[in-house]
Structure formats: C-alpha cells, structure tokens
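The values are calculated or read from the model by the stated rules, or taken from the named source; none is laboratory data. A quick note: this is a predicted structure, and the numbers were derived from the prediction, not measured. Cβ sites come from the backbone with ideal geometry, for glycine too, and all protein chains shown count toward neighbours. The protein model used for the area step is the full one, side chains on, heavy atoms only, and it has no ligands, DNA or RNA in it. Shrake-Rupley method; radii C 1.70, N 1.55, O 1.52, S 1.80 Å.
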Amino acid sequence: MTTRDPHPLNLLREEARHADPRAVQRDLNARPLPTLEPGEWSAGAEEALRDCIGMERKIQMEMRIGLEGHLDGLPLRRTAPLAGMTLPELLAEHAEGRRMLLRVLDRLLTVGETHDIRAWTMGEEVPPAVYILALRGRLARLDGYINEERVTP
C-alpha cells in the first residue's frame with residue numbers, strides 16, 4: 001500500500017477553513033510588483049513578461065467567468081497584442097494588468113460574501129476563499145519568473 005500526497009487543491013481547501021481571504025488580499029495588494037522595481041533586464045525578459053502577462057490575463061478571465069451576472073461597474077480593460085510590445089511597453093502593461101487583476105479579485109471577494117459564486121482553478125470550480133489562496137501561489141510563481149530575468153551586477 002502506498003501513501004499518496006494530498007492533491008494541492010485539497011490542501012488549499014483545508015487552508016481556506018482557517019485563512020482570512022481579506023488578509024490574503026491585503027498581502028497581495030501590498031506586494032511590490034517586480035516590474036516596477038529598478039534594475040536591468042536580461043535578454044529573455046520580454047518573452048518572460050509576455051508569458052506572465054498572458055497568464056495574468058487568463059486569471060482575470062477565470063474570475064470574470066465566476067462573476068457572471070455581477071460585473072456591473074467593473075470595466076473590461078481592452079488589451080493590445082503582446083507580440084509587438086517593447087520592454088518598456090511590457091513593463092507598463094504588466095503593472096496596469098496587475099492593478100486590474102487585483103480589482104477583479106476585490107469584486108470576486110465582495111460578491112462572494114453575499115452570493116454563492118465560484119471561480120475555476122486547477123480544473124475545478126472553487127469558492128472565492130479557496131481561489132484566492134491558489135491565486136496567491138500562482139502570482140508568487142509568476143513574480144518569481146519575472147525576477148529571474150533581472151540582471152545582477
């Protein structure tokens with residue numbers, strides 16, 4: 001008989017029983033954006049930023065799908081294709097996209113306080129308290145990928 005590790009989503013569900021989603025949100029809002037920190041970038045930075053921005057756009061769609069019917073007052077931010085953007089444009093796009101992502105997250109949490117809504121993560125629909133914990137990990141990984149593109153003196 002073998003012992004299997006619990007599925008990551010089950011770990012998040014357990015953590016959500018004891019976590020304060022608003023505290024997690026405050027932490028995400030307070031976290032500095034790696035794209036706003038001064039410094040030099042490697043040659044692969046543009047491609048890494050395109051990948052990370054694309055993932056963050058997907059994350060926003062997950063939350064917007066969960067908010068169907070509760071999107072009043074939440075604008076849909078028009079985005080430009082990433083392929084032709086220069087590094088400075090990608091840095092600005094990432095910062096603006098992250099601000100919108102956190103705004104959509106706030107709506108998800110607010111609506112989730114009074115309505116039974118769900119968002120997709122790890123192939124399943126989950127309540128906002130579980131979603132935000134998964135999101136925290138995803139954003140930390142994306143920020144790590146961006147930070148790897150920093151040139152150290």
> Give me the pairs: first residue in the range 65-82 and more than 19 Å from L109 (Cβ to Cβ), second residue of a type in the set (V, I, T), beta-carbon distance under 8 Å, and six or more apart or on different chains, which are they?
Replying inline: L82/I53
>> Which residue is nearest to P75 (Cα to Cα), if the candidates are limited to the range 89-106 and must be among the charged types (D, E, K, R) and surrounded by fewer than 20 Cβ atoms within 10 Å (Cβ to Cβ)?
In response: R103
>> Pull out all pairs, ordered by first then second residue, where Cβ-Cβ is under 6 Å, the residues are six or more apart or on different chains, the first lies in the range 1-15 and is in a helix (DSSP H, G or I), and the second is aromatic (F, W, Y) and at pLDDT 90 or above.
In response: none
>> Any residue at all in the range 119-132 that's on the phi > 0 side of the Ramachandran plot, of a type outside the set (K, R) and under 14 Å from the mean Cα position of the chain (by Cα)?
In response: yes
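This table checks each residue for (1) among the hydrophobic types (A, V, I, L, M, F, W, C); (2) more than 17 Å from the chain's Cα centre (by Cα); (3) modelled with pLDDT of 95 or more.
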| residue | (1), (2), (3) |
| --- | --- |
| H7 | no, yes, no |
| N29 | no, no, yes |
| E62 | no, no, no |
| L67 | yes, no, no |
| A80 | yes, yes, no |
| G84 | no, yes, no |
| L102 | yes, no, yes |
> Before we move on, is D116 out of contact with any Gly (no Cβ under 9 Å at 6 or more places or on another chain), part of a loop (DSSP other than H, G, I, E, B) and of a type in the set (D, E)?
Replying inline: yes
> Which residue out of L101, L28 is of a type in the set (A, V, I, L, M) and touching a residue at least 60 places away in the same chain (Cβ under 8 Å)?
Replying inline: L28
> Mind checking which residues of the range 16-65 are closer than 18 Å to R77 by Cα, open to solvent by 70 Å² or more (accessible area, probe 1.4 Å) and either among the aliphatic types (A, V, I, L, M) or not in a helix (DSSP H, G or I) (or both)?
Replying inline: M55, M61, I65
> Which members of the range 107-142 meet the condition of being open to solvent by less than 10 Å² (accessible area, probe 1.4 Å) and either within 26 Å of A43 (Cα to Cα) or basic (K, R) (or both)?
Replying inline: L139
